[in-house]
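Structure below; questions to follow.
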Amino acid sequence: MIGHVFRRMRGPGLAGNIGAQGTSQAVNMLMQLVSVPILASNWGLEVYGIWLILFAFPQYLAMSDLGLIGAATNEVSMAAAQGRDDAALDLMQALQTLMTWIGLTITVLVMLVLAGPGAHWLDFAQAATGGQALWVMAAIVGWCVLGQHLAVALGGLRAGGHYPAAVNLMTAATLCETVALWIWVMAGGGLLGAALCYLIGHVVFLVLMRVTLARRVPWLAQWHWRPRYGALKGLLRPALGMILVPLCYALSMQGIVIAVGAALGAAAVPLFTSVRTLTRAAVQVTSVVNVASMPEYTVSHARGDRAKSEDIVALSIVFGLVVLVPAAIGLAFLGQWFVTVWTGGTIHPSIGVVLFLTAAMVLNGLWVPLSNLIMAINQPGRFSYFFAALALCEVLAAWFLARQFGVVGAAAAVAAFDAVMLAWIAYQARSIGMVHLAALRAAPARVLAMGRRLHRDGA
């Protein structure tokens, strides 16, 4: 039975998606934990800080697709699921070609600006890079641009029912690039070589991803330099909604930090962020199943398979509650103690901060999965604009309440924000038939039935 489950989690379908997504998240967390001490100890804090600054700015280039990759990937998957192969191919070809032109344009513009009028912007990094800051930035920009093409190829594999294979390739790319970086840095290498580790890794894995796409979904791997761009016109609205969502998350997550600092001073910020970091860990666990479910939900919705769609919604909700409720109970009783021990006695959060952010954790862990499934069917506009307005109100309320009540006021603003978002997302999910009372009551039974089917298949 156990061996069968592991085999299922390495294959196609929902179980394979969950296995691949879980592996990816575990690898990414490990890479982040190990990278910090290696880079900081070998480069020193100043050079490491410069690396982080250089690496941070170009990643905003990932938004240069204006959400089209996400929206088009969903549409290609739905078209393929409905047997509309010609429409899926038109979309894929238009997306590939448009991303190529966007990537080339952005690369040329960035390099022209940095080599010309913006050359002084890199002065802070010249000493750390041995005078090669421009080339370091060029390698990082190239890495970001190739990342968009990896995302396009991943979308093609997802549409062909090979999402686990695509995620596993992306995970392998992350692992290989990061290990190459560690080896380079520990051997005494500098920032240019470090950037090239990432760039060369993306080149190699983009080739592997395209070869995999050509072998597994050959009809979707065709490239046409004069595609039908009109196929993308209908995706402009969902694409804008898609690109707005990460901006809203950034406003909500980082805006609160700025609000607390502005209201109470920098010393108060860790009292908030330490507890929030702890609560976010549980939410990240629930995201493994939810994100892995999104490709399957796209297909089941496109095919009109209501039973499977309701199974996926039930799984996201029930799994979230199974993870978050015990975590909430533990944090309510032990959160203060854990943060104090975790930070070596430096940070002592109040019980109010812990309780409000714990409540926010549960609320957030319920509305985010539903919002992800709404995005999976290209309807982000149902909540993204409301999300933006509410996130702005959250930041302003956090500033005002922090001035009146301290850090606990900001925590209360976060809990209120997540409560309102849950209400709005629930309303939208109900309006499109994603959830209804009967399905919610049957959700635990549905998840148990899914488990029994897995057990029966493995028997």
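How do the pairs read when you match residues in the stretch 122-143 that are among the β-branched types (V, I, T) with residues anywhere that are not in a helix (DSSP H, G or I), using Cβ under 7 Å and keeping only pairs 6 or more apart or on different chains?
From residues that are among the β-branched types (V, I, T), the pairs are T129/G190; V136/T129.
T107 - would you say it is modelled with pLDDT under 90, touching a helix residue (DSSP H, G or I) at 6+ places or on another chain (Cβ under 8 Å) and crowded, with 20+ Cβ neighbours inside 10 Å?
On the way: modelled with pLDDT under 90: yes; touching a helix residue (DSSP H, G or I) at 6+ places or on another chain (Cβ under 8 Å): yes; crowded, with 20+ Cβ neighbours inside 10 Å: no.
It is false that T107 is modelled with pLDDT under 90, touching a helix residue (DSSP H, G or I) at 6+ places or on another chain (Cβ under 8 Å) and crowded, with 20+ Cβ neighbours inside 10 Å.
Are any residues in the stretch 346-365 buried (at least 20 other Cβ atoms within 10 Å of the Cβ) and polar (S, T, N, Q), and if so, which ones? It would help to see each step written out before you state the result.
Residues of the stretch 346-365 that are buried (at least 20 other Cβ atoms within 10 Å of the Cβ), as a first pass: 349, 353-365.
If the condition is that a residue be buried (at least 20 other Cβ atoms within 10 Å of the Cβ) and polar (S, T, N, Q), then T358, N364 are the ones that fit.
Whether any residue in the stretch 203-219 is open to solvent by less than 40 Å² (accessible area, probe 1.4 Å), in a loop (DSSP other than H, G, I, E, B), of a type in the set (V, I, T) and closer than 22 Å to M99 by Cα is what I want to check.
yes
Could you pull out the residue among V313, V339 that is in contact (Cβ under 8 Å) with a residue 60 or more places away in the chain and farther than 22 Å from S287 by Cβ?
Values: V313 fails: farther than 22 Å from S287 by Cβ.
When all the criteria are applied, what remains is V339.
Being in a helix (DSSP H, G or I), surrounded by fewer than 16 Cβ atoms within 10 Å (Cβ to Cβ) and either touching a helix residue (DSSP H, G or I) at 6+ places or on another chain (Cβ under 8 Å) or at pLDDT below 85 (or both) is the filter here; which residues of the stretch 53-99 pass it? Give the steps one after another, and end with the answer.
We begin by selecting, within the stretch 53-99, every residue in a helix (DSSP H, G or I); these are 53-65, 68-81, 85-99.
Add one more test, that the residue is surrounded by fewer than 16 Cβ atoms within 10 Å (Cβ to Cβ), and what stays is 53, 56-57, 59-60, 62-63, 85-86.
I53, A56, F57, Q59, Y60, A62, M63, D85 - these are the residues of the stretch 53-99 that are in a helix (DSSP H, G or I), surrounded by fewer than 16 Cβ atoms within 10 Å (Cβ to Cβ) and either touching a helix residue (DSSP H, G or I) at 6+ places or on another chain (Cβ under 8 Å) or at pLDDT below 85 (or both).
Here's a check for you: in the stretch 162-199, which residue that is open to solvent by 40 Å² or more (accessible area, probe 1.4 Å) and outside any helix (DSSP H, G or I) is nearest to S24 (Cα to Cα)?
H162
What pairs can you find where one residue is in the stretch 180-205 and farther than 18 Å from P37 by Cβ and aromatic (F, W, Y), the other is in a helix (DSSP H, G or I) and open to solvent by 20 Å² or more (accessible area, probe 1.4 Å), and their Cβ atoms are less than 6 Å apart, with a gap of 6+ or different chains?
Every condition considered, the pairs that remain are Y198/W143.
A quick yes/no check of all residues on (1) of a type in the set (S, T, N, Q); (2) at pLDDT below 95; (3) in contact with a strand residue (DSSP E or B) (Cβ under 7 Å, 6 or more places away or on another chain); (4) open to solvent by less than 40 Å² (accessible area, probe 1.4 Å):
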| site | (1), (2), (3), (4) |
| --- | --- |
| P380 | no, yes, no, yes |
| Y385 | no, yes, no, no |
| V407 | no, yes, no, yes |
| A415 | no, no, no, yes |
| I425 | no, no, no, yes |
| S431 | yes, yes, no, no |
| R446 | no, yes, no, no |
| R452 | no, yes, no, no |
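Among (1) at pLDDT 75 or above; (2) part of a helix (DSSP H, G or I), which single condition is L33 missing?
Of (1) at pLDDT 75 or above; (2) part of a helix (DSSP H, G or I), only one is false for L33: (1).
With free of Cβ contacts under 8 Å to residues at least 24 places away in the same chain and within 19 Å of T358 (Cα to Cα) as the only criterion, which of A281, A250, A267 stands out?
Numbers: A250 fails: within 19 Å of T358 (Cα to Cα); A267 fails: within 19 Å of T358 (Cα to Cα).
Answer to the selection: A281.
The values are calculated or read from the model by the stated rules, or taken from the named source; none is laboratory data. A quick note: this is a predicted structure, and the numbers were derived from the prediction, not measured. Heads up, the Cβs are rebuilt from the backbone with ideal geometry, glycines too, and the neighbour counts pull from every protein chain shown. We work out accessible area using only protein heavy atoms, side chains counted, and drop any ligands, DNA or RNA first. Shrake-Rupley method; radii C 1.70, N 1.55, O 1.52, S 1.80 Å.
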